[in-house]
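To start, the structure under review is shown below, and the notes come after it.
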Amino acid sequence: MTRRFAGAALVVVALALPQLSCESDDTSVKSVTPIRSSKTLGTTHGPNGEPATPTSALDLTPTEIAKVRAGHYTAAFLWHENAQWTTAVSNGARDVFDDLGVDVIAEASANFDAARQKAELETVEARHPSALLTLPVDPVVTASAYKAAARQGMKIVLLSILPQGMKQGPDYVNVVTDDLFQMGKRAADALAAAVGDEGKIAYFFRDANSYVTNQRDQAFLKTITTNYPGIEVVAKQGIADPTKAQEQAAAVVLKNPDLSGAYVTFSEPPGEGVLAALRAAGNDETKLVSLDISDPMALDMAKGGNTTALVVDRAYELGRAMAVSAGYGLLGKKAPAFVVAPAMTITRSELVQGYQASLHRDPPTSVLKALGQ
Amino acid sequence: MISRRYFVYVAFLALLAFFAITLHDDGFLSQTNLLNIVRQTTPVTVMAVAVVFVLSAGEIDLSLGAVVALSALVTADVMQDHGAVLGVAAGLGVGMGVGAVNGGLVAVLRLPSFLVTLASMGVVAGLARTITDLRSVAVEDRGFIDIFGSGDVGPVPGLAFWALGAVALGQFGFRHRRFGAHVLAVGDNRAAARATGIRVDRVKFAVLVISGTAAALAGILYTGRVQGASYTLGEQDLLTVIAAVVIGGTRLFGGQGSVIGALVGSLIMGMLTNGLILSGLSSSEQLVAQGLLLLLAITLTARPEGDPI
């Protein structure tokens with residue numbers, strides 16, 4: 001019993017942990033201007049305009065946790081892809097579910113295929129999980145499948161994407177996501193600092209209809225063009241196929257050999273592709289900022305290469321928040337409609353803390369070695 | 001001694017028994033789950049039937065998955081303003097058109113189907129992304145949805161009838177019409193087929209049109225099933241379809257094929273995915289297990305007749 005409530009306390013305390021600030025004290029190999037926070041020009045809203053509630057506001061009391069434990073509930077995870085980011089989300093959720101006595105009975109990844117996700121959802125339904133944590137591949141074509149699952153009484157917690165026509169309460173518990181605007185803004189602030197607030201930059205954005213990446217990209221562009229008049233965006237390149245970013249970046253670099261910096265919509269694989277293009281061109285001057293953690297880019301940053309900052313969300317915390325939200329749903333407790341995990345900027349000096357805060361693990365050995373640890 | 005051509009059925013029963021025993025508490029054998037497997041595999045089955053013809057003729061169609069997406073989007077898009085009948089006709093027309101272009105280039109210009117369909121895969125995938133500017137299109141026509149994917153006839157999903165229809169038509173054409181024999185002859189020995197008077201180019205053209213049309217039908221079935229279309233639909237189906245067909249006893253390089261085997265191969269692929277998810281393995285573990293079980297199935301079924309194991 002003591003252990004049970006110790007676990008309960010952990011859930012509450014961990015979600016209320018003060019957020020790690022990583023904006024200052026940058027001491028990378030090459031000296032750069034410290035990152036300062038510019039004016040915030042927007043906020044992250046939910047898919048229906050809901051105001052954001054921080055993950056730290058989620059809370060289950062020991063009595064509520066005991067009630068969930070007594071229910072002997074089960075849960076399933078359905079993700080859009082299988083990557084270290086989704087692994088970290090799963091790990092965060094599993095740790096909370098362990099404390100809540102919820103058994104995770106199935107997990108699947110759709111590899112961005114909506115039809116496959118529908119099939120996986122039907123398959124998982126055969127085991128009648130009490131709760132479902134999921135990132136829908138597509139808000140339109142997955143909607144019918146999720147509505148059907150909701151009708152079966154499954155408590156659905158959504159990561160980032162809200163399927164069309166679903167209503168909070170009867171259809172889903174809530175939407176949990178990153179602080180999308182802050183991620184784009186932080187990337188702009190980090191790149192501005194890296195280039196000394198002036199020069200030419202390239203903007204590699206996601207050329208797809210994506211709620212998450214579109215908001216982050218637009219926040220970056222708005223911040224960099226409004227708050228940093230000395231910076232000129234000379235190339236805007238849409239990335240439709242993330243695996244082709246290297247070819248696209250090679251052309252941009254060829255056309256703009258004097259680029260001071262570049263922003264890439266996300267790191268794995270387009271950020272890595274842009275980095276490869278810079279290396280192939282023998283360019284070690286252009287500063288690179290991207291979103292989400294990538295081991296090759298982290299290694300490049302540790303070695304003092306082109307990569308100067310990675311702006312990341314807290315994937316592990318997203319998972320924890322989703323599991324706690326599932327607890328709300330199982331108890332019938334009203335959950336905040338739209339919950340966000342804070343963003344953070346990782347520079348070379350905060351790589352180890354950044355990996356821990358985002359993915360809840362240490363950087364790979366190669367990164368630690370490059371950092372001299 | 002069991003003939004190698006029956007190994008696919010043995011593999012199917014062995015896998016069914018394996019999951020039935022290991023997942024007996026996890027709903028694997030429930031009627032809902034077994035019908036789910038049929039629903040989930042129908043688009044792959046429809047394409048697999050066509051690919052039996054393509055591979056048996058010694059050709060390949062890499063544009064399948066891209067055609068699925070484009071025809072799904074065209075169907076959903078046209079349907080919004082012009083109704084389901086025109087939507088379906090437009091979707092099927094896209095598939096036939098792409099198949100005819102592929103077939104024409106292969107038959108008339110004597111280009112290898114691998115390269116032709118590799119190129120058309122790129123063109124078609126690009127068009128699928130372009131026509132709706134990467135947006136998904138929702139479908140609300142209840143009649144269309146019921147007929148093409150989400151409806152049931154009693155306890156039997158409507159999709160099962162599409163799968164059976166495709167298999168019956170394929171089996172009839174492959175085993176009971178001269179065309180099937182011509183396909184096998186072309187795949188077995190092109191020069192000999194030509195010498196016996198078979199119009200080899202016409203056969204090549206026809207199998208690629210069949211393939212494009214089947215991919216379009218699969219796209220329409222996906223559209224009915226998920227009640228919408230997006231450019232990602234079916235894009236990853238190509239290898240699943242080819243694996244199903246080869247497991248089912250069709251030779252990758254022509255001259256031998258089995259439509260019924262392709263159906264069973266498709267069910268094996270669907271059952272593998274379904275069972276491994278129900279087993280509670282992580283996504284990465286599922287990939288490893290799927291690869292190993294697939295290797296086992298191929299070892300049993302895809303070797304030429306007469307080879308010692």
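The values are calculated or read from the model by the stated rules, or taken from the named source; none is laboratory data. All figures in this text were calculated on a predicted structure; none of them were measured in a lab. A quick note on method: Cβ atoms are made from the backbone with ideal geometry, for glycine too, and the neighbour counts reach across all protein chains shown. Just the protein is used for accessible areas: all its heavy atoms, side chains included, with ligands, DNA and RNA removed. Shrake-Rupley method; radii C 1.70, N 1.55, O 1.52, S 1.80 Å.
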Worksheet item: Average partner chain C-beta neighbours within 10 Å, per residue of B:266-278?
Response: 3
Worksheet item: Under 5 Å between amide H atoms, partner at least 5 residues away or on a different chain: which partners does A:LYS287 have, H built in plane at 1.01 Å?
Response: A:GLY261, A:ALA262
Worksheet, complete the sentence: One quarter of the C-alpha convex hull surface, i.e. the mean projected area of the stretch A:214-309 in nm², amounts to 5.8 nm²
Discussion item. Taking R0 as 60 Å, what FRET efficiency do you get between A:THR225 and B:ARG177 from their Cβ-Cβ distance, rounded to the nearest 0.05?
Written reply: 0.35
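Using a 1.4 angstrom probe, figure out how much accessible area the stretch B:171-253 has per residue, in square angstrom, rounded to the nearest whole.
Numbers: 3340 Å² over 83 residues.
Per residue, the stretch B:171-253 has an accessible area of 40 Å².
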Discussion item. Which positions within the stretch A:138-165 get 50 Å² or more of their accessible surface covered by the other protein chains, compared to the chain by itself, with a 1.4 angstrom probe?
Written reply: A:VAL140, A:VAL141
Worksheet item: Once Rh for chain B is found with the Kirkwood sum over Cα pairs, what is the Stokes-Einstein diffusion coefficient at 4 °C and 1.567 mPa s, in µm²/s?
Response: 66 µm²/s
Practice prompt. Would you mind telling me the share, in percent, of accessible area of the stretch A:137-242 contributed by carbon and sulfur at probe 1.4 angstrom?
Written response: 45 percent
Worksheet item: Hey, what do the phi angles of the stretch B:174-185 turn into as Karplus ³J(HN,Hα) couplings, whole Hz, using 6.51/-1.76/1.60 and θ = phi - 60°, x for Gly and Pro?
Response: 7, 9, 10, 10, 4, 4, x, 5, 5, 4, 5, 5
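For the stretch B:84-216, count the residues as N, evaluate 2.2 N^0.38 Å, and divide the Cα radius of gyration by that value, please.
Scaled against compact globular proteins, the figure is 1.28.
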Discussion item. Report the rotationally averaged projected area of chain A based on its alpha-carbon convex hull, in square nanometres.
Written reply: 17.5 nm²
Worksheet item: Which order do peptides A:59-71, A:268-280 fall in by mean Cβ count within 10 Å, highest first?
Response: A:268-280, A:59-71
Response to the item:
Most packed first (mean Cβ within 10 Å per residue), the peptides B:145-156, A:125-136 order as A:125-136, B:145-156
Worksheet item: For peptide B:220-226, how many partner chain Cβ atoms fall within 10 Å of a residue's Cβ, on average?
Response: 4
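Roughly how many debye, to the nearest 20, is the charge dipole of the stretch B:121-186 about its Cα centre, given +1 on each Lys and Arg Cβ, -1 on each Asp and Glu Cβ, and no other charges?
Charge dipole of the stretch B:121-186: 460 debye, to the nearest 20.
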Worksheet entry | 3J(HN,Hα) from dihedral phi, the stretch B:90-99, Karplus parametrisation 6.51/-1.76/1.60, rounded to Hz, x for glycine, proline | 5, x, 5, x, 4, x, 4, x, 5, x
Worksheet item: Using the heavy atoms of the protein chains alone and a 1.4 angstrom probe, what is the accessible area of the stretch A:33-173 per residue in square angstrom?
Response: 37 Å²
Worksheet, complete the sentence: Cβ-Cβ cut-off under 14 Å around A:ASN91, Lys and Arg +1, Asp and Glu -1: the net charge is -2
Response to the item:
Residue-normalised value, i.e. accessible area per residue, for the stretch B:1-158 at 1.4 Å probe, in Å², stands at 43 Å²
Worksheet item: Any number yet on Rg/Rh for the stretch B:196-259, C-alpha, Kirkwood?
Response: 1.07
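Please compute the contact order of the stretch B:50-130 in relative form: average sequence separation of alpha-carbon pairs under 8 Å and at least six residues apart, divided by the residue count, as a percent.
40 percent
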Worksheet entry | the stretch A:258-266 - phi-based ³J(HN,Hα) in whole Hz, Karplus 6.51/-1.76/1.60, Gly and Pro as x | 9, 5, 7, x, 8, 10, 10, 3, 7
Worksheet item: Which value, in square angstrom to the nearest 100, describes the accessible area buried between chains B and A on both sides, using a 1.4 angstrom probe?
Response: 2500 Å²
Response to the item:
Of B:THR130, B:THR196, B:THR117, the most mobile residue in a GNM of chain B (C-alpha springs, cutoff 10 Å) is B:THR196
Response to the item:
Across all Cα atoms of the stretch A:214-257, Rg and the largest Cα-Cα distance (Dmax), in Å, are 12.2, 32
Worksheet item: Once you average over the residues of A:346-355, how many Cβ atoms of partner chains fall within 10 Å of each Cβ?
Response: 0
Worksheet, complete the sentence: Over its alpha-carbon atoms, the stretch B:191-309 yields an Rg and a Dmax in Å of 17.5, 56
Discussion item. Computing the accessible area with a 1.4 Å probe over protein heavy atoms, can you report the carbon and sulfur percentage for chain B?
Written reply: 67 percent
Discussion item. Loop-only trypsin sites (Lys or Arg not before Pro) in the stretch B:177-235, please: DSSP not H, G, I, E or B, and at most 12 other Cβ atoms within 10 Å.
Written reply: B:ARG177
Response to the item:
Links exceeding 32 Å between C-alpha atoms in this model, out of A:LYS147/A:LYS185; A:LYS118/A:LYS185; A:LYS244/A:LYS287; A:LYS67/A:LYS147; A:LYS222/A:LYS369; A:LYS236/A:LYS369, come to A:LYS147/A:LYS185; A:LYS118/A:LYS185; A:LYS222/A:LYS369; A:LYS236/A:LYS369
Worksheet entry | Quotient of Cα Rg and 2.2 N^0.38 Å for the protein assembly as shown, N being how many residues it contains | 1.02
Fill in: For A:ILE156, residues with placed amide H under 5 Å, excluding near neighbours
A:LEU132, A:VAL173
Discussion item. Based on alpha-carbon centroids, what's the gap between the stretch B:212-242 and the stretch A:341-369 in Å, whole number please?
Written reply: 40 Å
